[in-house]
Amino acid sequence: MAVAHAAFAAEGLELPMREIARRAGLGVATLYRHFPSRPDLIGAVLAEQAADCGAAMRAALDDPNPWRALSGLIRRFADYQLRERGLNDAVLGSHAAGLPFAEQRRAHARGLERLVERARRTEAVRPELSVEDVRVGLWAIASFRTLPPERAGTAVPRLANLLLTALAPGSGSRQS
């Protein structure tokens, strides 16, 4: 599983089972005994990722500090875009392998709404901030996954920092 996770994260979900078996030091038949098809293996890797994402959301929702909860989740999302490049399409829902995880994505969307509302209510973010504003920022971060890894490695954290700066109280647009 660890080899498959690393391979899919780095190179995408289309990597052949034979290559994953080779990297794991297994015969392809052994891999197929545990995972009868590539979708089975992909599903197992994605289930692990969905569980990690769920744990991150629960931790953010349990954090008593609204700014730390929201900003930490955004930074984790940005880091995920860098570390899990090949899995992102499935996790974000644009790859067929991600279809079984639609309910988890909806739960994460509801969690994000709660985090943004709590941050607004406690004035940890700009008062006019909406969950859609945050989603636009997350989509922008996610779009950088198409950059070459060396460019994404500097651009993604930079964009995450810009987004967080824009969310902070007093960062709204200035009238000239």
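The values are calculated or read from the model by the stated rules, or taken from the named source; none is laboratory data. Please read these numbers as outputs of a predicted model, since none were measured by experiment. Note that each Cβ is placed from the backbone with ideal geometry, even for glycine, and that neighbours are counted across all protein chains shown.
Within the range 41-58, the set of residues being of a type in the set (A, V, I, L, M), within 25 Å of R120 (Cβ to Cβ) and either over 15 Å from the mean Cα position of the chain (by Cα) or surrounded by 15 or more Cβ atoms within 10 Å (Cβ to Cβ) (or both) comprises A56, M57.
Checking the condition within 21 Å of V131 (Cβ to Cβ), of a type in the set (F, W, Y) and buried (at least 19 other Cβ atoms within 10 Å of the Cβ), which residue from F8, F77 passes? Walk me through how you get there before you give the answer.
Details: F8 fails: within 21 Å of V131 (Cβ to Cβ).
Among F8, F77, only F77 is within 21 Å of V131 (Cβ to Cβ), of a type in the set (F, W, Y) and buried (at least 19 other Cβ atoms within 10 Å of the Cβ).
Okay, residues lined up against (1) outside any loop (DSSP other than H, G, I, E, B); (2) in contact with a Phe, Trp or Tyr (Cβ under 7 Å, 6 or more places away or on another chain); (3) at pLDDT below 95; (4) among the hydroxyl-bearing types (S, T, Y):
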site: A6; (1), (2), (3), (4): yes, no, yes, no
site: A9; (1), (2), (3), (4): yes, no, yes, no
site: L15; (1), (2), (3), (4): no, yes, yes, no
site: L41; (1), (2), (3), (4): yes, yes, yes, no
site: A47; (1), (2), (3), (4): yes, no, yes, no
site: M57; (1), (2), (3), (4): yes, no, no, no
site: L61; (1), (2), (3), (4): yes, no, no, no
site: P64; (1), (2), (3), (4): no, no, no, no
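Tell me the residue from A69, A107, A140 that is under 30 Å from A6 (Cα atoms) and either under 12 Å from the mean Cα position of the chain (by Cα) or surrounded by 19 or more Cβ atoms within 10 Å (Cβ to Cβ) (or both), please. Talk me through it step by step, then tell me what you get.
Details: A107 fails: either under 12 Å from the mean Cα position of the chain (by Cα) or surrounded by 19 or more Cβ atoms within 10 Å (Cβ to Cβ) (or both); A140 fails: either under 12 Å from the mean Cα position of the chain (by Cα) or surrounded by 19 or more Cβ atoms within 10 Å (Cβ to Cβ) (or both).
Just a single option satisfies the conditions, and that option is A69.
Of the residues making up the range 126-153, those that are free of Cβ contacts under 8 Å to residues at least 60 places away in the same chain and in a helix (DSSP H, G or I) are V131, E132, D133, R135, V136, W139, A140, S143, T146, E150, R151. Among what's in the range 81-125 and is of a type in the set (A, V, I, L, M) and part of a loop (DSSP other than H, G, I, E, B), pick the residue that is nearest to W139 (Cα to Cα). This residue is V125.
Take L87 and tell me if it is under 13 Å from the mean Cα position of the chain (by Cα), modelled with pLDDT of 95 or more and not charged (D, E, K, R).
Values: under 13 Å from the mean Cα position of the chain (by Cα): yes; modelled with pLDDT of 95 or more: no; not charged (D, E, K, R): yes.
No.
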